[in-house]
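In what follows, a single structure is set out as structure tokens and then discussed.
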Amino acid sequence: MGSLIWDLRYGLIFSLVSHCRVATKRSDLRHWLIATGLVLALSSVSAAQTVGAVSEGSVHPSWSDSAMAEGWRAVCGDVRNAGQVPARSVAIRVQGLGSTGQVVSTRDHYVLADVPAGSRSVFCVPMPAGATSYNVTVLRADWGFVEAP
């Protein structure tokens, strides 16, 4: 779990720095700073976890894309958890698709916060421009409740 936390922190820092360079709205930066605080606060908690494949219909993403800076698009949305158990360490894959549906770019990303049962958590992934549409899939999740140390 320690390496996963390090990967999350490193990915978050990289995403935050990248986003700060191309942020066009003050509210975008504020959302990233809030998400950063949540990840750092939650990363010190130990967890009882069950790693598993995502069952059909339990967590599902919705998204849209918008321009960020020259050469980049922001694919942002949320992951909803229709299940009865919280989903943690949710990994998503964002694919940029060409005009004939072929994959032209791919990025894997962790949703920055847990997805509580019956609720949602947001994500925003910078993608290289050039795709005509985007697809987001949930790759995996850890299921269970967080226990205090």
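The values are calculated or read from the model by the stated rules, or taken from the named source; none is laboratory data. Small disclaimer: the values here were computed from a predicted structure and weren't measured. Here Cβ is always computed from backbone atoms with ideal geometry, including for glycine, and neighbour counts include all displayed protein chains.
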Can you give me the number of residues within region 89-101 that are among the small types (Gly, Ala, Ser) and closer than 16 Å to Gly71 by Cα?
2
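Residue check: is Thr132 within 19 Å of Ser64 (Cα to Cα), touching a Leu at 6+ places or on another chain (Cβ under 9 Å) and surrounded by fewer than 14 Cβ atoms within 10 Å (Cβ to Cβ)?
Against the criterion (within 19 Å of Ser64 (Cα to Cα), touching a Leu at 6+ places or on another chain (Cβ under 9 Å) and surrounded by fewer than 14 Cβ atoms within 10 Å (Cβ to Cβ)), Thr132 qualifies.
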Within region 102-120, can you find the residues that are farther than 19 Å from Ser66 by Cα and touching a strand residue (DSSP E or B) at 6+ places or on another chain (Cβ under 9 Å)?
Tyr110, Leu112, Ala113, Asp114, Val115, Pro116, Ala117, Gly118, Ser119, Arg120
Residue check: is Val122 modelled with pLDDT of 95 or more and out of contact with any helix residue (DSSP H, G or I) (no Cβ under 9 Å at 6 or more places or on another chain)?
no
Test: Gly83 is part of a loop (DSSP other than H, G, I, E, B), surrounded by 12 or more Cβ atoms within 10 Å (Cβ to Cβ) and either touching a strand residue (DSSP E or B) at 6+ places or on another chain (Cβ under 7 Å) or not acidic (Asp, Glu) (or both):
yes
Got a sec? Which of Val103, Val111, Val122 is touching a residue at least 40 places away in the same chain (Cβ under 8 Å) and of a type in the set (A, V, I, L, M)?
Val122
